[in-house]
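The values are calculated or read from the model by the stated rules, or taken from the named source; none is laboratory data. As the structure is a prediction and not an experimental result, all values here were calculated from the model. Every residue, glycine as well, gets a Cβ built from its backbone with ideal geometry; the counts of neighbours run over all protein chains shown. Please note that ligands, DNA and RNA were not included when accessible areas were found on the heavy atoms of the full protein model with its side chains. Shrake-Rupley method; radii C 1.70, N 1.55, O 1.52, S 1.80 Å.
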Amino acid sequence: MSIDSIISLLTNVGFPVTLSFVLIRYVLQTMGEKLDKLDVSLQELTKAINENKKSPMN
């Protein structure tokens, strides 16, 4: 393989692979933040339900 063919291969394959990793990292980070918010909301909901169970019914 010549240097030109190696550079062409890296250019044609390397850029899409790099872009894919960047996009996957962005999606995972975004989903992670949303899952963290969902976890906090579920914990608050559980706490509110438990407090409601403890209070006497009128």
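Some points to look at:
- Single residue of Ile24, Ile6 found to be open to solvent by 90 Å² or more (accessible area, probe 1.4 Å) and either in contact with a Ser or Thr (Cβ under 9 Å, 6 or more places away or on another chain) or not in a loop (DSSP other than H, G, I, E, B) (or both): Ile24
- Each residue in the stretch 2-58 was checked for being modelled with pLDDT under 90 and polar (S, T, N, Q), and 8 pass.
- Filtered residues of the stretch 38-56 (kept if among the basic types (Lys, Arg) and loosely packed, with under 10 Cβ neighbours inside 10 Å): Lys53, Lys54
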